[in-house]
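Following: one structure in structure tokens, then a few remarks.
The values are calculated or read from the model by the stated rules, or taken from the named source; none is laboratory data. Keep in mind that this is a model prediction, so the values were computed, not measured. Here the Cβ is made from the backbone with ideal geometry for all residues, glycine too, and neighbour counts use every protein chain on show. Heavy atoms of the whole protein, side chains included, go into the accessibility calculation; ligands, DNA and RNA do not. Shrake-Rupley method; radii C 1.70, N 1.55, O 1.52, S 1.80 Å.
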Amino acid sequence: TTEIRLDGVRKTYPDGTVAVDRLDLEIRGGEVLALVGPSGCGKSTTLRMINRLVEPSGGVISVGGVDVMGQDPVELRRGIGYVIQHVGLFPHRTVAQNVATVPRLLKWDKARTRARVAELLELVGLHGDTYADRYPHELSGGERQRVGVARALATRPPVLLMDEPFGAVDPQGRRRLQREFQALQRDLGTTVVMVTHDMREAMLLADRIAVLSTGGVLEQLGTPDEVKGAPANAF
Ligand code: ADP
Ligand code: ADP
């Protein structure tokens with residue numbers, strides 16, 4: 001399993017907005033950490049610095065003990081699945097082709113890719129023959145979200161970053177997807193950092209919760225029980 005460390009990480013955007021301020025976080029291998037806090041408190045920025053979609057202004061981020069700034073961003077992202085709210089599936093590619101995106105980049109052979117795609121669709125509850133050849137517009141929001149999760153997991157990345165991953169899904173589908181995610185994560189031992197504005201979701205899925213306040217300052221860090229017991233001054 002792969003650990004992630006943030007040491008004194010800061011992000012100031014070019015317009016002067018301080019999004020993250022001297023953030024220290026340690027995410028243990030195989031752990032699910034939820035980042036919660038009010039809108040604009042720097043959750044997405046924090047997540048996106050881990051895969052270098054955003055460059056930190058200071059501090060050090062390491063994944064598996066290696067400083068992310070010393071790595072080629074494309075290489076780095078191969079080991080980091082990324083799921084966002086409106087998944088951003090490729091609209092002119094089928095479900096199977098979307099899930100096969102990273103295996104294709106890595107030039108897996110056809111048989112291996114096909115088997116993996118079928119396995120993943122099964123895992124996220126989209127049985128292959130029904131869904132593989134559909135296009136994203138032929139799916140419900142919840143189904144699209146599942147395809148996004150399957151795509152992110154295709155090559156078993158040791159790290160998964162999720163930004164409001166279940167946000168676009170209706171409440172019932174959301175609970176099902178949350179349960180499926182838990183089972184998957186336990187199986188794979190993936191290290192997960194997830195952003196959510198839903199404290200109940202964080203309580204349900206996370207091993208530990210980091211509560212940020214405006215300006216990207218770490219307010220609380222603890223297990224769901226510890227954070228529940230503390231004054232929720234960030235909300
Ligand atoms: P959250 O995910 O907690 O809602 P974000 O990380 O998206 O917060 O944003 C943190 C702060 O940084 C906010 O004040 C936001 O307006 C600002 N911000 C985010 N992205 C940019 C950007 N590209 N340029 C300037 N400011 C930004
Ligand atoms: P391309 O023309 O982009 O190579 P394909 O339509 O053959 O794409 O599919 C992309 C990937 O998805 C291929 O690796 C293929 O093996 C896999 N795939 C396609 N259909 C299925 C299916 N029904 N079940 C499992 N995998 C599939």
### Query
Of all residues in segment 87-129 being under 19 Å from Glu180 (Cα atoms) and of a type outside the set (A, V, I, L, M), which is nearest to ligand 2 (Cβ to nearest atom)?
Gly128
### Message
Cβ contacts < 7 Å: first residue of a type in the set (Ser, Thr, Tyr) and at pLDDT 95 or above, restricted to segment 1-22; second residue in a strand (DSSP E or B) and surrounded by 15 or more Cβ atoms within 10 Å (Cβ to Cβ), any location; separation 6+ or different chain. Result?
### Response
Thr12/Val18; Tyr13/Ala19
### Message
Condition check: of a type outside the set (S, T, N, Q), out of contact with any strand residue (DSSP E or B) (no Cβ under 7 Å at 6 or more places or on another chain), outside any helix (DSSP H, G or I) and under 22 Å from Asp198 (Cα atoms). Does Gly167 satisfy that?
### Response
yes
### Task
Hey, can you tell me all the residues within segment 70-86 that are hydrophobic (A, V, I, L, M, F, W, C) and either within 15 Å of Leu47 (Cα to Cα) or within 16 Å of ligand 2 (Cβ to nearest atom) (or both)?
Leu76, Ile80, Val83, Ile84
### Query
On the given criteria, is Val211 in a strand (DSSP E or B), touching a strand residue (DSSP E or B) at 6+ places or on another chain (Cβ under 9 Å), crowded, with 19+ Cβ neighbours inside 10 Å and not charged (D, E, K, R)?
yes
#### Entry: Qualifying residue in segment 173-191 (condition: of a type in the set (S, T, N, Q), more than 10 Å from ligand 2 (Cβ to nearest atom), in contact with a Leu (Cβ under 8 Å, 6 or more places away or on another chain) and open to solvent by 40 Å² or more (accessible area, probe 1.4 Å))
yes
### Any chance Ser57 is more than 8 Å from ligand 1 (Cβ to nearest atom), among the polar types (S, T, N, Q) and either more than 16 Å from Leu212 (Cα to Cα) or under 15 Å from the mean Cα position of the chain (by Cα) (or both)
yes
### Verdict on Thr130 being crowded, with 16+ Cβ neighbours inside 10 Å and of a type in the set (Ser, Thr, Tyr)
no
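From the list Val149, Val217, pick out the single residue that is within 24 Å of Gly64 (Cβ to Cβ) and either open to solvent by 20 Å² or more (accessible area, probe 1.4 Å) or within 16 Å of the chain's Cα centre (by Cα) (or both).
From the options Val149, Val217, the qualifying one is Val149.
This table checks each residue for (1) farther than 27 Å from Trp108 by Cα; (2) touching a His at 6+ places or on another chain (Cβ under 7 Å); (3) in contact (Cβ under 8 Å) with a residue 12 or more places away in the chain; (4) not in a loop (DSSP other than H, G, I, E, B).
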{"site": "Glu119", "(1), (2), (3), (4)": "no, no, no, yes"}
{"site": "Leu126", "(1), (2), (3), (4)": "no, no, yes, no"}
{"site": "Asp133", "(1), (2), (3), (4)": "no, no, yes, no"}
{"site": "Gly148", "(1), (2), (3), (4)": "no, no, yes, yes"}
{"site": "Arg151", "(1), (2), (3), (4)": "no, no, yes, yes"}
{"site": "Leu160", "(1), (2), (3), (4)": "no, no, yes, yes"}
{"site": "Arg175", "(1), (2), (3), (4)": "yes, no, no, yes"}
{"site": "Val192", "(1), (2), (3), (4)": "no, no, yes, yes"}
{"site": "Gly215", "(1), (2), (3), (4)": "yes, no, yes, no"}
### Lone qualifier among Gly16, Gly8 - being out of contact with any strand residue (DSSP E or B) (no Cβ under 8 Å at 6 or more places or on another chain) and open to solvent by 20 Å² or more (accessible area, probe 1.4 Å)
Gly16
